[in-house]
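A short reminder: the numbers here are calculations on the coordinates, not readings from a lab. Quick caveat, the model's predicted, so the values are computed rather than measured. Here the Cβ positions follow ideal geometry from the backbone for every residue, glycine too, while neighbour counts run over all protein chains shown.
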Amino acid sequence: MSRVQKSFAWMRQHWVILIGIILAIGVMTFPIPQITDPQTRTITLDARQFEFAPHRIHINKGDRVIIQFTASDVVHGFYLDGYGIQERVEPGITKQIEFVAEHTGKFRYRCSVSCGSLHPFMIGELVVGPNEPFWRAIAFVIVSVITLIAYQFFSKGTSYEHATLGTSPA
Amino acid sequence: MKRELLAIGIVILILIGLPVGVFIYNRQHTNPDSPERLITIQAAVPEAGGFQPSAIKVTAGETVTLRFTSVDVTHGIAIGPGLGIDLGHVDPGHVQEVSLTFEKAGTYTFYCNTWCSPDHWRMRGTVDVIDPANPDAAPSPYHDPIIEQLVEEGVNIDANTTMDMPDHPQPDVLRFDQPASIEQGHILAASLVIPTELADTEWRLTHTPIEGLALLENNNPSISMSDLINVIAYMWTSDTPPEDIQWAEEYYNKNCAACHGQTGEGNGPAADQTAQSPVAFADFTYMFGMRSDVLYAKIRRGGMGTDMPNFGTLLTPEETLRLVGYLWQLAFKDRPN
């Protein structure tokens with residue numbers, strides 16, 4: 001058998017794996033169109049010892065975010081991971097933070113001005129959805145599992161048994 | 001025997017060398033040419049002691065360096081009156097320094113100008129500047145002509161309104177159903193008959209806008225009431241130049257906004273902690289019955305039982321008047337509604 005014939009034979013035997021790999025590459029690279037129109041979201045974020053209110057913000061990718069940042073007791077700060085935005089706020093003086101949510105995922109915002117004993121735990125979350133990497137990973141796992149199960153089903157009695165019994169297929 | 005001598009020698013060297021070394025180090029790091037004093041003041045919330053030390057004595061003409069540190073939360077450091085020193089925030093773990101030469105004897109106050117705790121307004125300390133020629137001189141009694149005038153007139157500075165004074169025209173509440181417009185008042189003012197006393201800055205200082213409105217109404221019976229209110233709003237806000245307003249806005253935001261609110265709505269984050277609800281300067285019905293000199297006195301002297309601190313030891317009379325000017329801005333400036 002020539003080399004080409006050999007690979008055709010392999011493909012005929014293992015076509016499930018091939019489809020699985022193509023699907024897996026597909027779910028990881030398929031460009032997802034922007035589902036929601038970008039909006040301007042005005043969020044009132046209040047900082048107090050030792051919490052943010054709200055402590056979780058959900059927005060969509062591409063949204064213009066305007067945070068009206070206030071403090072209720074002492075001077076607090078705002079540092080947004082992944083975006084590198086830093087601001088400080090005094091009680092009574094509202095600070096406005098503006099940015100466009102370009103990166104999807106879950107980012108933490110934390111107090112960046114030492115405000116007391118529990119200051120290190122003053123953390124909130126900004127969720128920029130849809131969380132693409134997360135859902136792609138889920139889809140990848142599902143495709144892989146289905147591929148493996150299908151492979152076992154279609155090639156029953158061949159590779160599986162040889163593998164478990166440790167005998168050579170020849 | 002030789003080793004024993006060597007050991008004794010080392011011990012003696014340490015005993016003598018260490019103090020000498022420390023002494024030389026100190027001499028080198030404190031420049032003897034400038035007899036400058038460094039005073040470290042540790043800031044903490046007033047519940048935990050406030051400024052320590054909270055009273056400093058210096059001699060007039062002497063240069064001192066004040067170094068502020070913080071041990072708990074962020075504090076703001078300013079020194080007044082009349083020095084114009086605002087060091088900004090001092091975060092825990094950071095320091096802020098200022099070198100000062102006090103030329104005149106007197107008492108100055110350093111204070112926290114960033115809301116830091118429910119007792120923030122107690123957070124003050126004093127610098128007593130002593131006249132080297134007369135170190136035991138007692139501070140001269142404080143005279144404030146505007147407040148003395150008010151006392152003479154029999155105005156109750158603690159009262160919430162000055163409208164209950166005898167001969168004061170009573171306002172028709174329905175007249176004040178919409179915000180005034182300073183710009184429109186400015187345009188209109190040129191075409192109105194302005195009574196001479198109303199045109200006088202001193203008169204406006206000691207009278208309420210309602211009194212001014214009554215005068216204006218008598219002289220211009222054909223003009224609508226809302227237009228007259230606009231003119232009054234313009235006149236009461238025209239006395240303070242823009243750069244003074246800018247200074248006052250910054251001062252207001254740092255020192256007043258925590259209770260009275262940034263826009264003067266009386267709804268700052270600390271508004272629910274005070275003995276009496278903070279006054280809303282944005283409520284121009286309230287401001288129409290208020291006098292500049294009474295506002296001045298309230299700021300300088302503080303409010304009895306209201307938790308309004310006194311600013312008389314922090315501000316010069318001129319600075320206080322600028323602040324009053326900003327309060328009129330808060331009352332009358334056009335707001336999107």
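So here's what we get for this one:
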{"read-out": "DSSP bridge pairs, the protein assembly as shown: antiparallel proportion in percent, nearest 5", "value": "65"}
{"read-out": "Most to least packed among B:5-11, B:302-308 [average Cβ atoms within 10 Å]", "value": "B:302-308, B:5-11"}
{"read-out": "Value at 222 nm in deg cm²/dmol, rounded to 500, when DSSP H runs of n ≥ 4 in chain B each add -39,500 (n - 2.57)", "value": "-11500 deg cm²/dmol"}
{"read-out": "Shielding score for B:71-81, defined as the mean number of other chain Cβ atoms within 10 Å", "value": "3"}
{"read-out": "Part-to-part distance (alpha-carbon centres) for the stretch B:107-133 and the stretch A:102-145, which is given in Å", "value": "44"}
{"read-out": "Label-point separation, B:Ala7 to B:Ala159 (7 Å along Cα→Cβ), nm", "value": "9.0"}
{"read-out": "Sites A:Ala9 and A:Val100, calculated FRET efficiency, Cβ-Cβ separation with R0 51 Å, nearest 0.05", "value": "0.40"}
{"read-out": "Eligible lysines near A:Lys106 by straight Cα distance, threshold 22 Å, same-chain separation 8 or greater", "value": "A:Lys61"}
{"read-out": "Reach of B:Lys104 by Cα under 18 Å, taken over lysines that are not fewer than 8 positions away in the same chain", "value": "B:Lys57"}
{"read-out": "Simple label model, 7 Å out from Cα along Cβ direction - B:Ala190 to B:Val71, nm", "value": "6.3"}
{"read-out": "Per-residue mean of C-beta atoms belonging to partner chains within 10 Å, peptide A:85-96", "value": "5"}
{"read-out": "Set of the stretch B:59-80 residues, backbone N closer than 17 Å to the point 7 Å along the Cα-Cβ line of B:Glu97", "value": "B:63-70"}
{"read-out": "Shielding score for B:251-262, defined as the mean number of other chain Cβ atoms within 10 Å", "value": "3"}
{"read-out": "Reach of A:Lys95 by Cα under 17 Å, taken over lysines that are not fewer than 8 positions away in the same chain", "value": "B:Lys254"}
{"read-out": "Degrees between helix B:225-237 axis and first principal axis of chain B (Cα, 0 to 90, nearest 10)", "value": "30"}
{"read-out": "Segments B:82-89, A:90-97 sorted - mean Cβ within 10 Å per residue, highest first", "value": "A:90-97, B:82-89"}
{"read-out": "Kirkwood-based shape ratio for the protein assembly as shown, expressed as Rg/Rh from alpha carbons", "value": "1.22"}
{"read-out": "Choice from B:Leu15, B:Leu205, B:Leu314 with maximal GNM fluctuation in chain B (Cα, 10 Å cutoff)", "value": "B:Leu15"}
{"read-out": "Sorted peptide list for A:144-154, B:257-267, criterion being average Cβ within 10 angstrom, highest first", "value": "B:257-267, A:144-154"}
